[in-house]
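Each reported figure results from applying straightforward, stated rules to the coordinates on display, with no laboratory input. Worth saying up front: this structure is predicted, and the values here are computed from it rather than measured. Here Cβ is always computed from backbone atoms with ideal geometry, including for glycine, and neighbour counts include all displayed protein chains.
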Amino acid sequence: MKWSETLIPTLKEDPSEAEVSSHKLMVRAGMIRKLLSGAYSYLPLGTRVLNKVMAIVREEMNRAGAVEVYLPVLQPVELLEESGRVDVFGQDLIRFQDRHGRLMALGPTHEEVITYLVRNEINSYKQLPITFYQIQVKFRDEARPRFGVLRSKEFLMKDAYSFDVDEEGLSRSYEKMYHAYCRIFQRCGLDYIPVEADTGVMGGEVSHEFMVPSEIGEDYLVRCKGCSYSVNRERAEPAPLPPERDGQSALGGVQAVSTPKVTTIAQVSSFLGVTPKNMVKTLIYKAGGEAVAVLIRGDHEVNEARLARVLGQGVSLADAETIFNLTGAPVGFTGPVGLPIRVIADQAVSVLQNCVTGANKADTHLINVNPGRDFQINNVYNIRYVTQGDRCPRCGEELIISHGIEVGHVFKLGTKYSEAFNARFLDPQGRLRPILMGCYGIGINRIIAALIECSHDEGGIIWPPNIAPYKALVLPLNVKDKTAFQTALKVHDELEGAGIDTLLDDRDQRPGVKFKDADLIGIPFRVVLGRRFEEAGEVEVQCRQGGEKSFVTSQGVVAEIKRLLEKFRGLSHG
RNA sequence: CGGGGCGUGGCGCAGCUUGGCUUAGCGCGCUUGCUUGGGGUGCAAGAGGUCAGCGGUUCAAAUCCGCUCGCCCCGACCA
């Protein structure tokens, strides 16, 4: 392809709206342009990368035995009502009425649609197992689209759904997808980490997220320095903390102190001169109809997903009025002493001594409060988020917390949707049984953004050959030099002929402009025809990554690039 | 959805505080001609703007006031 015959509008300056490098670079390299907040047009270069990623995904899905389908974007809202997910998606669901007044939604995902299909089409064990997949656009009306293509309202997703007769079958299907995902991310050149994950909105029991470590990631991953423990933040469970001191000798007597208008942990901490580690936050949650007190150390945060899990139901923070009615004090002065409701404590609270709590009285806190002596704990659980310094629950080594970009997620759903939709099959004994489901998602756009986030330098993007928009860029420095230009054309054609997709920069621009653009759009291998070609008939082949250069004759370019591709493949990104 | 910021040719910005010396300016990009040819060449001539929209104040509004819309950031939210 000639540069002059496609559209690659590169920019010298960063777009003002972009914050993160992947977003800046995708815009500057002429890959994308914003249409509206959370929706981007892909220009030719961006589209080529999308297609390359999708081709890899298709190959690996097919290799894993999944079969491709194409489900409608348009979904009747009733379908999502059947599974109870209209409320789950809430505002994120894009809804409207068609001309007949029927409520429609733009698919945020497709569990319902596929299960509806399967309920009607699959009714025998002979048709199982089977895994369907599609690559298709999804819509979620994100409250706050961010980071360009990383979190948008409209995005491409590869979603797959497996259907099995029993748990073992489901596990086999799950494993297959898991391994296919590993191959996909590896082929895309991503350094990814699979982590155990919470199942969240999807329901089900087992789940893994595929994370790409990155400062800008909106998710957290928790890994152990010593063993293979790696989980996401919701799922992470710190090792229990040891008791602060032993014996009862050091226990002081409870004392009320006046703390006028001092409500937050930070304020109380500096007002009383105590560390947040020695304070207890008392949060009133509503779980079902019941109010419960949840105790958490001052420097910790409640993991609501875990709390909901241990309580077996959804939870939400109580409002100020409820708190006042229960405790007799405004928000900010709640404490466990004398509270007439169920008290749940995080493990870290249960080992505290002489701590500070609210007094259930306005403008007052209590000091020297001790669990067990001054108040009873009904249940002790691990309900806090892991913090820096926490230890691994498996081996006791230190845990590392870092940010990550979620590029894929796999779930064992079990029978959640098949039961909701009555998707059942007849087993060999003629019994009707629910189908076991798994679902598996990959964010196509996110793969691209995550890759750029991890693979760029000051000059621009550094593509791995597998997903680069073109593998090679032929760069005649002076297009008015007829011989050089003709040779460049020939080299381009030969590369294309050898199956190496190639871009020819045929623009009448200064060398500096061409080099800068070449670096920006990040094509892995660059073939330069310049002074050296005029003088000695040699062309220069250079790698974007590492900058390694070699000089060959124009006839030797194809072989040289094939050699470099081989070498690259051998290195890491098979 | 709460808090903050911004909106001026395709892109990045100045001008707004203190309304009128602006026929709205600068850099990049774009067009034409010449020049140059290994890291964003130089010169010259040009094209391109309802100053987000609506309403108000005023002799006079990009500039002051109000409303609306859009965009970005922080938070809440989020396969």
Q.
Could you give each residue of the range A:476-493 its phi-based ³J(HN,Hα) in whole Hz, using Karplus coefficients 6.51, -1.76, 1.60 with θ = phi - 60°, and x for Gly or Pro?
A. x, 6, 10, 6, 7, 7, 4, 4, 4, 5, 4, 5, 4, 4, 5, 4, 4, 5
Q | Antiparallel DSSP beta bridges within the range A:255-381, as percent of all bridges there, nearest 5 | A | 65 percent
Q.
Quick check on packing: order A:426-436, A:184-194, A:281-291 by the mean number of other C-beta atoms within 10 Å, highest mean leading.
A. A:184-194, A:281-291, A:426-436
(Q) Give me P(r) over the range A:255-381, computed from all C-alpha to C-alpha distances, binned every 10 Å, as integer percentages. (A) 14, 49, 33, 4
Q) Remind me, what semi-axes does the range A:431-546 give for its equivalent ellipsoid, largest first in whole Å, using sqrt of 5 times each Cα gyration tensor eigenvalue? A) 40, 17, 10
Q. Say the cut-off is 24 Å between C-alpha atoms; which of A:Lys12/A:Lys482; A:Lys480/A:Lys567; A:Lys52/A:Lys412; A:Lys281/A:Lys361 go over it?
A. A:Lys12/A:Lys482; A:Lys480/A:Lys567; A:Lys52/A:Lys412
(Q) Please compute the volume of the convex hull spanned by the alpha-carbon atoms of the range A:80-155 and report it per residue in Å³. (A) 129 Å³
(Q) From the P(r) of the range A:1-133, could you give the percentage of C-alpha pairs in the tail past 26 Å? (A) 50 percent
Q. When only alpha-carbon atoms count, how far does chain A stretch along each of its three principal axes, as whole angstroms with the largest first?
A. 94, 66, 50
Q: Would you please put A:64-77, A:101-114 in order of how densely packed they are, using the mean number of other Cβ atoms within 10 angstrom per residue and starting with the highest?
A: A:101-114, A:64-77
Q | Rounded to whole Hz, the Karplus (6.51, -1.76, 1.60) HN-Hα couplings of the range A:165-176, x for glycine and proline | A | 7, 8, 4, 5, x, 4, 4, 5, 4, 4, 4, 4
**Q.** Per-residue [θ]222 nm for chain A (sum of -39500 (n - 2.57) over DSSP H runs n ≥ 4, rounded to 500)
**A.** -8500 deg cm²/dmol
